[in-house]
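Here's the structure, in structure tokens; my notes come after.
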Amino acid sequence: MKKTRIMYKYAFKRFLDILISFTCLILLSPVFIFVLLFLSVSNSGKPFFFQKRPGKNGKIFQIIKFKTMNDKTDENGNLLPDSQRLTAVGSFVRKTSLDEIPQLLNVLKGDMSLIGPRPLLVQYLPLYNQHQARRHEVRPGITGWAQVNGRNAISWKQKFDYDVWYVDNLSFFLDIKILYLTVLKVIKRDGISQEGQATMEAFKGN
């Protein structure tokens, strides 16, 4: 059993990532174009969101998502709170998880996996304790164990505990279970945001 899990982790998982993400990009291409056009209008010609995130072993890569928030600032030039920048179209795209589709390109590149701990902000790196930092032992994912167990509605501690549990228990059948639960979560639109937040409160360390 352990040998099978190791083979999956270091060989077969990457093959499935490429096969499934490429297939999904083809099948979802009409949706991709549809969302692209609407967000281009909603965000003044800027449908994509690019940001540096830490990947496996903390290696920095550039994530790509559909842009669900505008770039409006206050009188001092600081970005307004997420709740004030989330557009109507962006809210729908976020609730239906369509904003995640472009990350399939990150999966094809090898920056990400379909399943794994979500790639968070670079500025969080020095805030993790030794246990939490173990989430970077595998490629980050579009969805993961923490996402199907509460997503943004759970605490940071719970989220990191789920991430590390996934690292220690990674297997083909666990990934299949997460994919299935992800579909259910998307349909039910559970855990999209933390209570009182448009997304989730920033991680401030331990």
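The values are calculated or read from the model by the stated rules, or taken from the named source; none is laboratory data. Only a predicted model underlies this, so the values are computations on that prediction, with no experimental measurement involved. Please note: Cβ atoms are built from the backbone with ideal geometry, for glycine as well, and neighbour counts cover all protein chains shown. Protein only, heavy atoms only, side chains kept; ligands, DNA and RNA dropped before computing areas. Shrake-Rupley method; radii C 1.70, N 1.55, O 1.52, S 1.80 Å.
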For the stretch 160-182, does any single residue satisfy the condition of being within 27 Å of ASN43 (Cβ to Cβ) and of a type outside the set (Val, Ile, Thr)?
no
Which pairs have Cβ atoms under 6 Å, sit 6 or more apart or on different chains, and link a residue in the stretch 72-87 that is assigned to a helix (DSSP H, G or I) to one that is of a type outside the set (A, V, I, L, M, F, W, C)?
ASP82/THR199; ARG85/ASN70; ARG85/LYS72
From THR96, THR143, which residue is closer than 24 Å to CYS24 by Cβ, surrounded by 17 or more Cβ atoms within 10 Å (Cβ to Cβ) and polar (S, T, N, Q)?
THR143
Tell me, please, whether a residue that is of a type outside the set (A, V, I, L, M), part of a helix (DSSP H, G or I), out of contact with any Asp or Glu (no Cβ under 8 Å at 6 or more places or on another chain) and surrounded by 14 or more Cβ atoms within 10 Å (Cβ to Cβ) can be found in the stretch 44-54.
no
How many of the residues in the stretch 147-173 are in a helix (DSSP H, G or I) and small (Gly, Ala, Ser)?
1
Looking only at the stretch 55-69, count every residue that is surrounded by fewer than 14 Cβ atoms within 10 Å (Cβ to Cβ) and either touching a Phe, Trp or Tyr at 6+ places or on another chain (Cβ under 7 Å) or without any contact (Cβ under 8 Å) to a residue 24 or more places away in the chain (or both) and tell me the total.
2
Among the residues of the stretch 104-140, the number that are in a helix (DSSP H, G or I), among the polar types (S, T, N, Q) and either open to solvent by 30 Å² or more (accessible area, probe 1.4 Å) or over 25 Å from LEU181 (Cα atoms) (or both) is 1
Let me spell it out: the conditions are (1) more than 29 Å from PHE15 (Cβ to Cβ); (2) surrounded by 14 or more Cβ atoms within 10 Å (Cβ to Cβ), and LYS72 meets all of them except one. Which number is the exception?
(2)
Looking only at residues in the stretch 17-40 that are open to solvent by 50 Å² or more (accessible area, probe 1.4 Å) and in contact (Cβ under 8 Å) with a residue 40 or more places away in the chain, which one is nearest to THR143 (Cα to Cα)?
ILE20
Does ILE187 satisfy the criteria of being open to solvent by 50 Å² or more (accessible area, probe 1.4 Å), at pLDDT below 95 and either among the polar types (S, T, N, Q) or out of contact with any Phe, Trp or Tyr (no Cβ under 6 Å at 6 or more places or on another chain) (or both)?
yes
